[in-house]
Amino acid sequence: MGQTITEKILAAHCGKKAVEPGELITAKLDLVLGNDITSPIAIREFGNTGANCVFNKEKIALVPDHSTPAKDIKSAQQVKTMREFAKKYGVTNFFEIGRVGIEHTLLPDEGLVLPGYAVIGADSHTCTYGAIGAFSTGVGSTDLGAAMSLGETWFRVPESIKFVYHGKLNKWVGGKDLILYTIGQIGVDGALYCSMEFTGEVIENLPMADRFTMCNMAIEAGGKNGIIAPDDITMEYVRARAKRDFKVYASDSDAKYKQVIDIDCSKIEPQVAFPHLPENTKPLSKVGNVVIDQSVIGSCTNGRIEDLRVAAQVLKGRRVHQDVRLIIFPATQKIYMQAIHEGLVDVFVDAGAAVSTPTCGPCLGGHMGCLAEGERAVATTNRNFVGRMGHPKSEVYLASPAVAAASAVLGRIGSPDELEGKGG
Amino acid sequence: MNLKGRVHKYGCNVDTDVIIPARYLNTSDSAELAAHCMEDIDADFVKNVQPGDIMVADENFGCGSSREHAPIAIKESGISCVIAKTFARIFYRNAINIGLPILQCPEAVDGISANDTVEVDTSTGKITNITTGKSWDAMPFPEFMQQLIEAGGLIPYAQKKIASGGGPKCGCKCCGK
């Protein structure tokens, strides 16, 4: 019987030749991570395990990216707890403000996650690294605390759902639209406890940035992990960054899937997810007149240089609508610097946007762009739950960087095509 | 363990952002978190909840973020147990890890209304609606998870493993290995 890529990685990490869906295994971990919200509890629980040292100083990443630069005294205390823990136990991958970035962009960009790895992170979007062919999934703080001590964790081997994307992508359609469309089709629990394996000719030609966006939002369909088998595009990304050995896995042709879902991409328009669930998607042409107060471009979903380039392409020579705040936050310091060198930041500031240091802040209504009562935002982030970006009576609409940038100029949710002939 | 309490009932896809909004995540203090539990979908929850009360919800309870602050806030608010049709997977792990009893039972959810009094036997999974007299059996946990629950959560399990020499052999001085 053939195996899926996820089953093969999990088998390799629990010392077995093969594993089956439903099986409970204990797997060795190649990297465990936490942020400034989840790590303080993990550190406390690590202490409660009675361990005198961490399982491996180089296989723990502590990334203070959520409420940083510290938004208040309590947040500063949380980062201090992480910093002191990292010093005390010699954890090498602690990222200080000024060198930090949004964890799920930073860690693969730094070569700390590689194909074939088994990774857990106390952050639900840890599933992002499936884009480079790793098994990675989100857990809570106690799981992280125990894993920092033991270097292993338990998993129930997930069933896999295979998504096959074919056809030609329409203009302005990218990874964000594909994953929003997919979540719209299967629902926010459509892949509950399952592995989402993204395949097909469209995926084979998709750049890494789009692949990261797709795997990032697997959790928004309830998935345990999202994963794409490594190919030449993956290898080009990984080889430039890898400092360790890694192993590449692929699904067997006779691997068993719970379901195979075929998606004709030629029918997919840019997508917008309406409040208050990522599954409430509509094609852009059916959105109607949705006036916005804020547009947010960035996050672990869409804060990569490719995302910023698209935003700049749309914004170049144009002005943000007088009633809109546009907030752009590059995901890492390196991306920020590259955006400066490429002149993208000039375009953003000229357009009247606020450009922020890397942080998760606005995405979860933490800081750097919270919404007031009754306000409405379009965002390239990943969740549009009640109160996600601020007041419980505010609204978030999820979209791609192209749509978020165009909407900032239009003052309502719309397409870059509507800007033709209007400046730029 | 026998639990008995009044029911607080919610719908599908109760996400961790409404269980405990991110604006309160600058603390790990259980009591502070509990003071804002469910605030964005049920502003009266904190006022109404009594120790021992039971939370009942439809599908995909606890979806979204991995924040363990969510089950912590629910547990600390006085809720003794959560019954749902299905749980989002990270919430499911977190609840087991911190010792918040959870039960999966779609039929019970359909047969329980807000403010009913419900009794739960966590060792057998039997759920009884005292108000209507109906009862159901929740889906049993796999054996490994039952062991985790009986050990009191993941940390006592890890403690045992480390105390018996089953921890990592990292070669550093402090381990003496």
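The values are calculated or read from the model by the stated rules, or taken from the named source; none is laboratory data. What you are looking at is a predicted structure, and each value in this text was computed from that prediction instead of being measured. Backbone-built Cβ (ideal geometry, glycine too); neighbour counts: all protein chains shown.
So here's what we get for this one:
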read-out: Failed condition for residue B:71, given (1) assigned to a loop (DSSP other than H, G, I, E, B); (2) in contact with a Gly (Cβ under 8 Å, 6 or more places away or on another chain); (3) crowded, with 24+ Cβ neighbours inside 10 Å; value: (1)
read-out: Residues satisfying the stated conditions in the range A:126-169, i.e. farther than 24 Å from residue B:72 by Cα and within 7 Å of chain B (Cβ to nearest Cβ); value: A:151
read-out: Close pairs (8 angstrom Cβ cut-off, 6 or more residues apart or separate chains): assigned by TED's automatic domain parsing to the domain that holds residue A:27 in the range A:152-172, in a strand (DSSP E or B) and among the basic types (Lys, Arg) anywhere; value: A:152/A:28
read-out: Only listed residue being touching a Lys or Arg at 6+ places or on another chain (Cβ under 7 Å) and either closer than 30 Å to residue A:48 by Cβ or without any contact (Cβ under 8 Å) to a residue 40 or more places away in the chain (or both), chosen from B:135, B:123, B:113; value: B:135
read-out: Some residue of the range A:173-182 being assigned to a helix (DSSP H, G or I) and either within 12 Å of chain B (Cβ to nearest Cβ) or surrounded by fewer than 24 Cβ atoms within 10 Å (Cβ to Cβ) (or both); value: yes
read-out: Single match in A:57, A:87, A:80, A:74 (criterion: surrounded by fewer than 24 Cβ atoms within 10 Å (Cβ to Cβ) and either closer than 23 Å to residue B:70 by Cβ or under 18 Å from the mean Cα position of the chain (by Cα) (or both)); value: A:74
read-out: Tally of residues being of a type outside the set (Asp, Glu) and either more than 8 Å from chain B (Cβ to nearest Cβ) or at positive phi (or both) across the range A:58-76; value: 11
read-out: Breaking point among (1) more than 12 Å from chain B (Cβ to nearest Cβ); (2) in contact with a strand residue (DSSP E or B) (Cβ under 9 Å, 6 or more places away or on another chain), for residue A:23; value: (1)
read-out: 3 or more residues more than 11 Å from every other protein chain (Cβ to nearest Cβ): qualifying helices (runs of 4 or more DSSP H) within the range B:1-66; value: B:45-48
read-out: Some residue of the range B:38-52 being in contact with an Asp or Glu (Cβ under 6 Å, 6 or more places away or on another chain) and modelled with pLDDT of 95 or more; value: no
read-out: Residue among B:73, B:84 that alone is of a type in the set (Gly, Ala, Ser) and within 14 Å of residue B:7 (Cβ to Cβ); value: B:84
read-out: Matching residues, the range B:67-101, being closer than 25 Å to residue A:67 by Cα, of a type in the set (Val, Ile, Thr) and more than 7 Å from chain A (Cβ to nearest Cβ); value: B:72, B:74
read-out: Enumeration of residues in the range A:366-389 that are surrounded by fewer than 24 Cβ atoms within 10 Å (Cβ to Cβ), within 9 Å of chain B (Cβ to nearest Cβ) and in contact with a strand residue (DSSP E or B) (Cβ under 6 Å, 6 or more places away or on another chain); value: A:370
read-out: Pairs where the first residue, in the range A:194-217, is in a strand (DSSP E or B) and the second is charged (D, E, K, R), C-beta under 7 Å, 6+ apart; value: A:195/A:224; A:197/A:162; A:199/A:162
read-out: The lone exception for residue A:358 - which of (1) over 23 Å from residue A:287 (Cα atoms); (2) within 14 Å of chain B (Cβ to nearest Cβ); (3) touching a Gly at 6+ places or on another chain (Cβ under 6 Å); (4) touching a residue at least 60 places away in the same chain (Cβ under 8 Å) it fails; value: (2)
read-out: Any hit, the range A:345-363, residues being within 25 Å of the chain's Cα centre (by Cα), buried (at least 19 other Cβ atoms within 10 Å of the Cβ), under 20 Å from residue A:395 (Cβ atoms) and of a type in the set (A, V, I, L, M); value: no
read-out: Helices (runs of 4 or more DSSP H) completely within the range A:248-363 that count 1 or more residues being under 21 Å from residue A:390 (Cβ atoms) and at pLDDT 95 or above; value: A:299-302
read-out: In the range A:104-130, the residues that are closer than 22 Å to residue A:359 by Cβ and either without any contact (Cβ under 8 Å) to a residue 40 or more places away in the chain or part of a helix (DSSP H, G or I) (or both); value: A:104, A:105, A:106, A:107, A:108, A:109, A:124, A:125, A:126, A:127, A:128, A:129
read-out: Qualifying residue in the range A:82-103 (condition: assigned to a helix (DSSP H, G or I), β-branched (Val, Ile, Thr) and at pLDDT 95 or above); value: no
read-out: Odd one out for residue A:282 among (1) surrounded by fewer than 22 Cβ atoms within 10 Å (Cβ to Cβ); (2) in contact with a helix residue (DSSP H, G or I) (Cβ under 6 Å, 6 or more places away or on another chain); (3) in the same structural domain as residue A:369 (by TED's automatic domain parsing); value: (2)
read-out: In the range B:143-165, the residues that are surrounded by 12 or more Cβ atoms within 10 Å (Cβ to Cβ), within 10 Å of chain A (Cβ to nearest Cβ) and not charged (D, E, K, R); value: B:144, B:145, B:148, B:153, B:154, B:155, B:156, B:157, B:158, B:159, B:162
read-out: Matching residues in the range A:27-45 - criterion: being at the interface with another protein chain (Cβ under 9 Å from one of its Cβ atoms) and either at pLDDT below 95 or not in a loop (DSSP other than H, G, I, E, B) (or both); value: A:40, A:41, A:42, A:44, A:45
read-out: Meets criteria (of a type in the set (A, V, I, L, M), closer than 23 Å to residue A:68 by Cβ and in contact with a Phe, Trp or Tyr (Cβ under 6 Å, 6 or more places away or on another chain)) for residue A:345; value: no
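So that you can scan it fast, the table gives a plain yes or no per residue for (1) of a type in the set (D, E, K, R); (2) assigned to a loop (DSSP other than H, G, I, E, B); (3) in contact (Cβ under 8 Å) with a residue 24 or more places away in the chain:
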| residue | (1), (2), (3) |
| --- | --- |
| A:56 | no, yes, yes |
| A:65 | yes, yes, yes |
| A:68 | no, yes, yes |
| A:75 | no, no, yes |
| A:79 | no, no, yes |
